[in-house]
1. Is it the case that the stretch 301-319 has a residue that's assigned to a helix (DSSP H, G or I), out of contact with any Cys (no Cβ under 6 Å at 6 or more places or on another chain), farther than 23 Å from Arg118 by Cα and not aromatic (Phe, Trp, Tyr)?
2. Looking at the stretch 208-263, which of its residues are over 17 Å from Gly94 (Cβ atoms) and of a type in the set (Gly, Ala, Ser)?
3. Kindly evaluate Phe408 against the criterion of being surrounded by 13 or more Cβ atoms within 10 Å (Cβ to Cβ) and either at pLDDT below 95 or at positive phi (or both).
4. Of the residues Val416, Val433, only one is among the β-branched types (Val, Ile, Thr), closer than 28 Å to Val127 by Cβ and at pLDDT 95 or above; which?
5. Of (1) crowded, with 19+ Cβ neighbours inside 10 Å; (2) under 18 Å from the mean Cα position of the chain (by Cα); (3) of a type outside the set (Phe, Trp, Tyr); (4) not in a strand (DSSP E or B), Gly336 satisfies all except one. Which?
6. Restricting the stretch 186-219 to residues that are at pLDDT below 75 and under 23 Å from the mean Cα position of the chain (by Cα), which is surrounded by the fewest Cβ atoms within 10 Å (Cβ to Cβ)?
7. Please enumerate the residues belonging to the stretch 28-68 that are without any contact (Cβ under 8 Å) to a residue 60 or more places away in the chain and of a type in the set (Phe, Trp, Tyr).
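The values are calculated or read from the model by the stated rules, or taken from the named source; none is laboratory data. Bear in mind that the values here come from a model prediction, so they are computed numbers and not experimental data. Positions of Cβ are generated from backbone atoms using ideal geometry, with glycine treated the same way; all protein chains shown enter the neighbour counts.
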Amino acid sequence: MFPATSTFAPLKGPTPPAPPSLPFIGNYFALKNDSLKFLRRSARDHGDVVRVEFLTQVFYLISSPEYIERLLLTENQFVMKDYGEQMLKRTFLGTGLLTAEGDEHKQMRKMSSPAFSRARILGYGKVMSDLAEEEFAQWKSGEVYDVHREMSHLAQRIVARTLFDSDGSDNSLVIGDIMAEIMPVIALRNFAEIIMKLPLGVKQRVDRNIEKLDAIIGGIIDEHIAGGVDRGDLLSMLIEGKKAAGKDLSAPEERKRLRDEALTIYLAGFETTANAMTWTLHLLARHPQKQQTMAEEITSVMGNRAATIEDTGNLKYTRAVIAESMRLYPPAWVIGRVLLKDFEFGAYTIPKGAEVWMSQYVMHRDPRYWQNPDDFDPERWLAEGFAPSKYVYFPFSSGPRNCIGEQFAWLEATVVLANALRRFEFHDIGEKVATEPLITLRPKDGLRLRISHRR
């Protein structure tokens, strides 16, 4: 995932510190080879405002909770989504909750909010638990599984069933394969548009995969419209809302907008949660004693039955494990914004039009705010009085554009992982696991673990 500011905007006053760079290419190789390590080192060595150059482009890494709060909350009206997400809007997602701005975003969020109300989310719990049990019943003790692929498959089925009233089982693996092909391209942000103009066949592959996605989402939309009834799911709410507003859903532009909204929520609804569950299993496999503690809590609360909504409030250690996993491996690892006015951050004035980055990965491992920041320590979340600032720990972002599905994701991760550890032990097999910071933070080349029936 690379910056996409088009020019070096002139500064007023002193220039923020910058890591060493090469002529013409700036920090290209450092960002390309290990962007997480580079960003973390840059913040550690150069402070809360760091200027980073990438070829002919520049962005500013912001690592102060005070400044992040201004950008995400108190002065959020003076920023807009970064150039990379604007590229997503043009080439892939269209105008959905993730990419819409201003009043349009407010209207979309208002229309979608009822599907994520507390009452509805509680109603999704049994579906989540049933689908998890159905999937895990097919797993075989002693086998090695790519748990990232398995969690993606399950998370897609859960989103399809709860938010789109569709089974999703036929499409989930297909969509997973499509995303694996598309993600490395769209993660290049504005460079993706350049690459897709070259005679490399990239555009043809991307277009082909987008057509497949459109066919899947379009089929679900057609089924809902043809049924003519409110199924009580998110897609029905979107359709009924548009009808109430007098929109003609047979018109191409309205049909596209409905597609954009549905596709955005479908993809966002499974991708980040699947990653969160995958990284949690990775950490538990690497820390068997923590895994045993979590399993003992699950057994004490649930016995030998599947998880229910009522159980989740009693699974305090389980929740701490998930929180700690999202601290170390935040599925959404960076937030980008473009400034709509000059911003003063301490001694530095960052000009209008510049792109700024706020990295959850950097903030979640900052030793100023976390003791032993690289350690997997779920117990920290159970310590009396422990409450990190929401601008130091913000896996779901914060402010008006925080993730609308945050509570949905917490419930899903808790229920699915509780059911998984009730049945199985997860064992590390010694393979090197690398991070792949694309649009979300994925394990590069999957994540393989051996499972065995829990004794």
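1. No, the stretch 301-319 contains no residue that is assigned to a helix (DSSP H, G or I), out of contact with any Cys (no Cβ under 6 Å at 6 or more places or on another chain), farther than 23 Å from Arg118 by Cα and not aromatic (Phe, Trp, Tyr).
2. Selection gives Gly219, Ala226, Gly227, Gly228, Gly232, Ser236, Gly241, Ala244, Ala245, Gly246, Ser250.
3. yes
4. Selected residue: Val416, the only one of Val416, Val433 that is among the β-branched types (Val, Ile, Thr), closer than 28 Å to Val127 by Cβ and at pLDDT 95 or above.
5. The single condition Gly336 does not satisfy is (4).
6. Only one residue fits best here, namely Glu193.
7. Tyr28, Phe29, Phe38, Phe54
Yes or no, residue by residue, for (1) under 30 Å from Phe116 (Cα atoms); (2) out of contact with any strand residue (DSSP E or B) (no Cβ under 8 Å at 6 or more places or on another chain); (3) in contact (Cβ under 8 Å) with a residue 12 or more places away in the chain; (4) in a loop (DSSP other than H, G, I, E, B):
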residue: Phe408; (1), (2), (3), (4): yes, yes, yes, no
residue: Glu412; (1), (2), (3), (4): yes, yes, yes, no
residue: Val415; (1), (2), (3), (4): yes, yes, yes, no
residue: Glu425; (1), (2), (3), (4): no, no, yes, no
residue: Ile439; (1), (2), (3), (4): yes, yes, yes, yes
residue: Pro443; (1), (2), (3), (4): yes, no, yes, no
